[in-house]
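Take a look at the structure set out below.
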Amino acid sequence: MSIGEIALSSSARANLSALQSTATLLEKTQQHLSSGKNVNSATDNATAYFASQGFLNRANNLNTVKNNLATALTTVQSVTQSISSVTSVVQQLQGVVTQALGTTDTSTRLGLASQFNQLLTQLDTLVNDATFNGTNLLNSTSNNLVVYFNETNTTSLTISGVNISYSGLNINTAGNNFKDAASINSAGSLLLTALSTLVTDAANFGGNATLIQTRQDFTTSLINNLQSASNNLTLADTNTEGANLQALQAQNQLGIVSLGISGQLAQAILRIL
């Protein structure tokens, strides 16, 4: 049966139209409540939708930057910890030098010289093992770490590597096997200079770590602001939508009642006729 073959009164058609409109609004309100958004697609509000997507896209890009900053920060922190370990080895070397100065026994000094050289070997092993995420900033001045601060890689920090192997620190093996005080004193002097270098290097890397941490915090705040801006454009007011839902449900019930009344009136007229 085609639509043209169904005879409806004007009031019935008006009630049906009102019910269809109410059903559409009910569906949209339920979607707002289920998704938590009043703008779910460009058809809802093109301007708000695309502006919101722009904020979210940048937030996602910055989230990648934040993750890279976290890795860079861990790398630099690992470097400072390794410098601390190297410092401990140098202090052990100083202890060996002090023992050598405290004795004139050639055999004892020879043993201490051997111990000194072994510690130097361990120092280099430690430095060479200080590789983190494929980067070693402690065994060569030609190595560096580039840290990018934004999603377009237009702002960055280049952290230059250092060489704190024992040769890089200008420490020599035990001269003349520590048989004379001059050789021992020379080693002690070089160790003092090495310690000073290590303090400076640790301070430099510590400053870089602080800067990276600051940029990481800044990026986190910017991501939160972008997400808030996106939400402000698309999120639904659940209180308002809940009230709308109740009102539309009541309106829908009234429409059904009204449609029923229209049908009863039409039947009454037919009975009279």
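Tally Lys and Arg at +1 and Asp and Glu at -1 over the other residues with C-beta under 14 Å from the C-beta of residue 148: what net charge comes out? Intermediate values should be presented prior to the final figure.
On the way: positive: 66, 215; negative: 151.
The answer is +1.
Within the range 199-230, which residues have the backbone N less than 19 Å from the label spot 7 Å out from residue 131 along Cα→beta-carbon, could you tell me?
none
Which value in nm describes the separation of the simple spin-label points at residue 218 and residue 106, placed 7 Å from the Cα toward the beta carbon?
In this crude label model, residue 218 to residue 106 measures out at 6.5 nm.
Starting with the highest mean, order 148-159, 60-71 by the number of other Cβ atoms within 10 Å, averaged over the residues of each peptide. Write out the running numbers ahead of the final one.
Details: 148-159: 13.5, 60-71: 15.8.
Listed from highest to lowest mean packing, they are 60-71, 148-159.
What is the percent of Cα-Cα separations in the range 77-210 that go past 17 Å? Intermediate results must be reported in sequence, preceding the final value.
Details: 5285 of 8911 pairs.
Everything past 17 Å amounts to 59 percent.
Please report the net charge: other residues with Cβ closer than 13 Å to the Cβ of residue 68, K and R +1, D and E -1.
Numbers: positive: 66, 215; negative: 151.
Value of the local net charge: +1.
Under 5 Å between amide H atoms, partner at least 5 residues away or on a different chain: which partners does residue 180 have, H built in plane at 1.01 Å?
Answer set, sorted by chain and number: none.
Laboratory data are not the source of any read-out in this text; all were calculated from the coordinates shown. Worth saying up front: this structure is predicted, and the values here are computed from it rather than measured. Cβ coordinates were reconstructed from backbone atoms using ideal geometry, including for glycine residues, and neighbour counts include every protein chain displayed.
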